[in-house]
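Written below as structure tokens is the structure these notes are about.
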Amino acid sequence: MGRRSSKILGNEFLQIKPQFSNNNIKAFFSLRSFPANGEAGRNELAKIVGFKPQNLITPIQIHSTNVNFVLTADLVPRCDGVFTNKKELTCSIQVADCMPIYFAHLSENVFGLVHVGWRGLVDGILEESAALLSKNGYKLSDFEIVIGPSIQKCCFEVRDDIIKKFKSEFIIRANQNGVYKVDLQKYAFSKMAHMGFEESNIELSNDCTFCLQEKYHSFRRDGKNSGRMLGLIGSS
């Protein structure tokens, strides 16, 4: 299970995995200091990192298992993951504790972004993503994957009503208040490895969005007042 740090560019965003095997593919993630407000924020980040705002694919996220292969820049309703093979397009998502999972083909201009919260993880959004790629003729082993900054096992706490949804190997023992912690990244890694993605091609960020208050927004920490981070992936 590979873990590495992303490259900080300025003080407003990270470059995710500074060097994909496919040199044409670039990926980014905004920090708390970047004003990621609605369409304007997404467009501004795209311009800063060298993508064209008019070519953004924007899913309207609902914590679902819905993923789509998209061929035109547009809003995608009721969707939590988008992929494309159109090099002029850019995939985007927004998160504030959930996992932003980046997919980049090793040699072709095929890439995607999936918003994975605990509900999507247990309900099968990664399985749906794998099925979508296979349906479109791609081998899962031909993708590099990065699980970006998200809430980590130190801070993701659940009680009895939720813990039964997770396999025991991903659960950390309950504390004296009956609260369990779950390693969502390890669970996502295990799922993808069993589907056919290469373990050596999957990397995980160590950054916890809940812990690193000065660096990231966190819905669990700040509630409805929380801001959002943006993820982008595209071809240069």
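Can you confirm whether the stretch 115-132 contains a residue that is touching a His at 6+ places or on another chain (Cβ under 7 Å), among the aromatic types (Phe, Trp, Tyr) and under 24 Å from residue 230 (Cα atoms)? First the steps, then the outcome.
Going residue by residue through the stretch 115-132, those that are touching a His at 6+ places or on another chain (Cβ under 7 Å) are 117, 119-120.
Filter again for among the aromatic types (Phe, Trp, Tyr), leaving none.
No, the conditions are met nowhere in the stretch 115-132.
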Within the stretch 207-236, how many residues are surrounded by 19 or more Cβ atoms within 10 Å (Cβ to Cβ), touching a helix residue (DSSP H, G or I) at 6+ places or on another chain (Cβ under 6 Å) and not aliphatic (A, V, I, L, M)? 1
Whichever residue in the stretch 217-236 is touching a strand residue (DSSP E or B) at 6+ places or on another chain (Cβ under 6 Å) and hydroxyl-bearing (Ser, Thr, Tyr) and, among such residues, is nearest to residue 111 (Cα to Cα): 235
Within the stretch 45-100, count every residue that is of a type in the set (A, V, I, L, M, F, W, C), over 15 Å from residue 26 (Cα atoms), in contact (Cβ under 8 Å) with a residue 24 or more places away in the chain and out of contact with any strand residue (DSSP E or B) (no Cβ under 6 Å at 6 or more places or on another chain). 1
In the stretch 27-49, the residues that are part of a loop (DSSP other than H, G, I, E, B) and hydrophobic (A, V, I, L, M, F, W, C): 31, 34, 36
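Residue 54: in a loop (DSSP other than H, G, I, E, B) and among the polar types (S, T, N, Q), yes or no?
No; evaluated as a whole, the condition is false for this residue.
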Just the residues that are hydrophobic (A, V, I, L, M, F, W, C), buried (at least 21 other Cβ atoms within 10 Å of the Cβ) and not in a strand (DSSP E or B), please, taken from the stretch 132-155. 133, 151
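Just to be sure before I move on: is residue 108 of a type outside the set (A, V, I, L, M) and within 27 Å of residue 19 (Cβ to Cβ) in the structure I sent? Explain how you work it out, then say what you get.
Values: of a type outside the set (A, V, I, L, M): yes; within 27 Å of residue 19 (Cβ to Cβ): yes.
Judged against the criteria, residue 108 is a match.
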Only one of (1) of a type outside the set (Asp, Glu); (2) under 25 Å from residue 164 (Cα atoms); (3) in a helix (DSSP H, G or I) fails for residue 224. Which number is that? (2)
The stretch 156-180: number of residues that are surrounded by 13 or more Cβ atoms within 10 Å (Cβ to Cβ), without any contact (Cβ under 8 Å) to a residue 24 or more places away in the chain and assigned to a helix (DSSP H, G or I): 2
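Taking the condition of a type in the set (S, T, N, Q), in contact (Cβ under 8 Å) with a residue 60 or more places away in the chain and closer than 24 Å to residue 134 by Cα, does residue 205 pass?
On the way: of a type in the set (S, T, N, Q): yes; in contact (Cβ under 8 Å) with a residue 60 or more places away in the chain: yes; closer than 24 Å to residue 134 by Cα: no.
Criteria not met by residue 205.
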Mind checking which pairs have a first residue in the stretch 12-23 that is at positive phi and surrounded by 19 or more Cβ atoms within 10 Å (Cβ to Cβ) and a second that is part of a loop (DSSP other than H, G, I, E, B) and at pLDDT below 95, Cβ under 9 Å, 6 or more apart or different chains? 17/4; 17/6
So which residues in the stretch 128-168 are of a type in the set (A, V, I, L, M), touching a strand residue (DSSP E or B) at 6+ places or on another chain (Cβ under 7 Å) and more than 23 Å from residue 102 (Cα to Cα)? 158, 163
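The values are calculated or read from the model by the stated rules, or taken from the named source; none is laboratory data. Predicted model only: the values in this text are computed from it and were never measured. Note: ideal-geometry Cβ built from the backbone for every residue, glycine included; neighbour counts use all protein chains shown.
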